[in-house]
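Here's the structure we're looking at; comments come further down.
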Amino acid sequence: MRNTGENPGRSVSKTLEVRNSQARFRIDCRLMRRILGVLMGELVPGRPFNLGVNIIDTEGMTRLNETFLRHAGSTDVLAFDYSEPGDTNSVVGELFLCADEALIQSRRYGTTWQGELVRYAVHGILHLLGYQDRTASLRRQMKREEDRLLRQVMGRFAIGKLGSIRDLRALRARLPRRGRVTVAPKRINKSW
């Protein structure tokens, strides 16, 4: 709880929890929490938030995606908004980020898996703030904001220190070969 200049004398609850619930990647949850705490402070200054971030594997993401969205297979990020209907003052939600998917997409787009993981968190937070990506126009608008925020975060934090892969050989055996991964012409065409 903390007082803000925008709400003098009034405490604002700001809760951010990061959990690594998969075993293939070592994740520095404290660093991820710092990154997302700064981001939330800038995106929703003076507003209360309660955000849970879960880093999971492909199997866990597949279960969630099929159970809650009725989509087959894994995906990169799922955002669940737990805010009360009509409540525009606070942000309450939970994000699920797929570490395996981050590695696959980093190979596809020539980025780091750590950067992809942060991108997924930014994308999920934007959804919780009301951004949509259902149409090409909305997707472009959301992508611009996502890219802006990611550049800002990468300029302030050593994203590469976010984690490491525990057993690279075993993980490589599970991933598609580089030659078999098709590269999309532009990242904007990626279906979230």
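The values are calculated or read from the model by the stated rules, or taken from the named source; none is laboratory data. Everything numeric in this text was worked out from a predicted model, so none of it was measured. For neighbour counting, all protein chains shown are included, and Cβ atoms are generated from backbone atoms with ideal geometry for every residue, glycine included.
Some notes on this structure:
- Among the residues of region 148-168, those identified as over 13 Å from L39 (Cα atoms), outside any loop (DSSP other than H, G, I, E, B) and either aliphatic (A, V, I, L, M) or out of contact with any strand residue (DSSP E or B) (no Cβ under 8 Å at 6 or more places or on another chain) (or both) are I159, G160, K161, L162, I165, L168.
- Yes/no for L138 being within 28 Å of R156 (Cα to Cα), buried (at least 19 other Cβ atoms within 10 Å of the Cβ) and modelled with pLDDT of 95 or more: no
- For region 64-76, the set of residues classified as over 12 Å from the mean Cα position of the chain (by Cα) and either among the basic types (K, R) or not in a helix (DSSP H, G or I) (or both) consists of R70, H71, A72, G73, S74, listed by residue number.
- Flag for H123 being assigned to a helix (DSSP H, G or I), closer than 18 Å to R34 by Cα and at pLDDT 95 or above: yes
One line per residue, one yes/no per condition, for (1) polar (S, T, N, Q); (2) farther than 22 Å from R108 by Cβ; (3) at pLDDT 95 or above; (4) more than 15 Å from the chain's Cα centre (by Cα):
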position	(1), (2), (3), (4)
I56	no, no, yes, no
T62	yes, no, yes, yes
G86	no, yes, no, yes
S90	yes, yes, no, yes
L97	no, no, yes, no
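- Restricting region 84-120 to residues that are part of a loop (DSSP other than H, G, I, E, B) and in contact (Cβ under 8 Å) with a residue 40 or more places away in the chain, the residue that is farthest from N50 (Cα to Cα) is T112.
- Candidate set: region 19-53, residues that are assigned to a helix (DSSP H, G or I) and of a type in the set (V, I, T); chosen: the one farthest from the chain's Cα centre (by Cα): V38
- A79 in contact with a helix residue (DSSP H, G or I) (Cβ under 9 Å, 6 or more places away or on another chain), assigned to a helix (DSSP H, G or I) and aliphatic (A, V, I, L, M): no
- Filtering region 124-147 to residues that are touching a strand residue (DSSP E or B) at 6+ places or on another chain (Cβ under 9 Å), touching a residue at least 24 places away in the same chain (Cβ under 8 Å) and either hydrophobic (A, V, I, L, M, F, W, C) or over 20 Å from T112 (Cα atoms) (or both) leaves I125, H127, L128, L129.
- T67 closer than 15 Å to I104 by Cβ and without any contact (Cβ under 8 Å) to a residue 60 or more places away in the chain: no
- Matching entry among R169, R180 (being modelled with pLDDT under 95, more than 27 Å from R30 (Cα to Cα) and not acidic (D, E)): R180
- Candidate set from region 59-83 (those that are of a type outside the set (A, V, I, L, M) and farther than 17 Å from G124 by Cβ); member that is surrounded by the most Cβ atoms within 10 Å (Cβ to Cβ): T62
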